[in-house]
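The values are calculated or read from the model by the stated rules, or taken from the named source; none is laboratory data. Everything quoted here is computed from the prediction, not taken from an experiment. Note that we place each Cβ from the backbone using ideal geometry, even for glycine, and neighbour counts take in every protein chain shown.
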Amino acid sequence: MIKKNIEGESLKERLLASAKDRLYNFLLADGAIRGAILHGSRLLKEMRANHELGILETLVLGRAYLGAGLMSANLKGTDSTSLKIECSGPIKGLTVEVNAFGEVRGFLKNIPIPMDKPMADFNLAPFFGAGFLSVIRYLEDAKQPFTGKVTLKYGNIAQDLANYFLTSEQIPTAFNLSIKYDKKGDVTGAGGLFLQAMPGADDPLTAELEELVIKFPSLGEVFAKGQEPEALIQEVFQKYTPLFLANKRIEFMCHCSPERLRGVLTMLPIDELKDIRDNGPFPLEMRCHYCNTLCHFDKEEIQDIYAKR
């Protein structure tokens, strides 16, 4: 993967910004509720730069990145999770993956997303339309992936993820995903929060905390102002005695490489590979869907791949 530099940013600024992006796990109400808060400002800036996204595309894919990042809170070892949306609206769909190390990558199916008129607000339901949300979990001690699938009910990633957990896994869950833009349309802050009821949590407590999540301060806005995630949780949920358990780095990261893309070429049908060798075009360009990194292969490399088939 090759990360694109963000315009006007020094190495020191880049390192400081990357260090702030973390996922914090915590418990509330003596362990009756588990939660996580994610600072993801740098994550979305790098995502946007690499995928060359506009404001709308950043909003759609960015919310999915934040949601997937939060879902990594309970992953361990070599576990990973994939979030997929297939829909009839102009977005068409998206795929985002996250692993236990907090590495997030993913792509939109349709860039740019067509717009008939300027957006009046950040309601994305018309852009999703009808469709499905799938969550695929790859657990290191499982023989096969676990897949859950629900109908898109809201056209809002936070609400649809909450509906997935309630419908597919019977866990009351609340999500809050937020991205802040400045007047130029640049991302200045981004973050996410989720709470899940543990077995034994009573309904009044669950309802009370769900209402707090809905009214939670805009994470994009407070992170843009420099608010620290742990301090924010302590402030908002003071009544429920927050207990922080662990935290880890969250990062836009893809482990693609020219060698891996070369492997894709080796799996092409022999006739198709021969046609590329004979007719080009050269250099042959291949992009990784997940991070938009571009690799080039010249005629000699294609001939070498063909010769080894």
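Taken over the range 95-116, the criterion of being buried (at least 24 other Cβ atoms within 10 Å of the Cβ) and without any contact (Cβ under 8 Å) to a residue 60 or more places away in the chain is satisfied by Val96, Val98. Being touching a Leu at 6+ places or on another chain (Cβ under 9 Å), in a helix (DSSP H, G or I) and within 26 Å of Pro145 (Cα to Cα) is a description that does not apply to Leu38. For beta carbons closer than 6 Å, sequence separation of 6+ or different chains, a first residue in the range 5-33 that is closer than 18 Å to Met47 by Cβ and a second that is in a strand (DSSP E or B), the qualifying pairs are Lys20/His39; Asp21/His39; Arg22/His39; Arg22/Asn247; Arg22/Arg249; Leu23/Ala36; Leu23/Leu38; Leu23/Lys248.
Residues checked against (1) of a type in the set (Ser, Thr, Tyr); (2) out of contact with any Ser or Thr (no Cβ under 8 Å at 6 or more places or on another chain); (3) assigned by TED's automatic domain parsing to the domain that holds Glu57:
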{"site": "Gly131", "(1), (2), (3)": "no, no, yes"}
{"site": "Ser134", "(1), (2), (3)": "yes, no, yes"}
{"site": "Gly155", "(1), (2), (3)": "no, yes, yes"}
{"site": "Asn163", "(1), (2), (3)": "no, yes, yes"}
{"site": "Thr173", "(1), (2), (3)": "yes, yes, yes"}
{"site": "Val187", "(1), (2), (3)": "no, no, yes"}
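Identification of helices (runs of 4 or more DSSP H) wholly contained in the range 117-230 with 2 or more residues that are free of Cβ contacts under 8 Å to residues at least 40 places away in the same chain yields 125-128, 157-168, 203-214. Across the range 26-57, which residue is farthest from the chain's Cα centre (by Cα) among those that are over 26 Å from Cys288 (Cα atoms) and surrounded by fewer than 17 Cβ atoms within 10 Å (Cβ to Cβ)? So the residue we want is Asp30.
Yes or no, residue by residue, for (1) within 17 Å of Asp79 (Cα to Cα); (2) surrounded by fewer than 17 Cβ atoms within 10 Å (Cβ to Cβ):
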position	(1), (2)
Val135	yes, no
Leu177	no, no
Lys180	no, no
Lys183	no, yes
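Only one entry in Val264, Val222 is assigned by TED's automatic domain parsing to the domain that holds Gly62 and among the β-branched types (Val, Ile, Thr), namely Val222. For the subset of the range 232-245 comprising residues that are over 24 Å from the mean Cα position of the chain (by Cα) and in a helix (DSSP H, G or I), which member is nearest to Ala158 (Cα to Cα)? Ranking the candidates gives Val236 first. Among the residues that make up the range 58-72, is at least one of them under 17 Å from the mean Cα position of the chain (by Cα), assigned to a loop (DSSP other than H, G, I, E, B) and touching a residue at least 40 places away in the same chain (Cβ under 8 Å)? No, the range 58-72 contains no residue that is under 17 Å from the mean Cα position of the chain (by Cα), assigned to a loop (DSSP other than H, G, I, E, B) and touching a residue at least 40 places away in the same chain (Cβ under 8 Å). Please verify whether the range 146-153 includes one or more residues that are closer than 22 Å to Phe101 by Cα, touching a strand residue (DSSP E or B) at 6+ places or on another chain (Cβ under 9 Å) and assigned by TED's automatic domain parsing to the domain that holds Ser88. Yes: the range 146-153 contains one or more residues that are closer than 22 Å to Phe101 by Cα, touching a strand residue (DSSP E or B) at 6+ places or on another chain (Cβ under 9 Å) and assigned by TED's automatic domain parsing to the domain that holds Ser88.
The set of residues from the range 268-309 being polar (S, T, N, Q), closer than 19 Å to Cys256 by Cα and touching a helix residue (DSSP H, G or I) at 6+ places or on another chain (Cβ under 6 Å) comprises just one member, Asn292.
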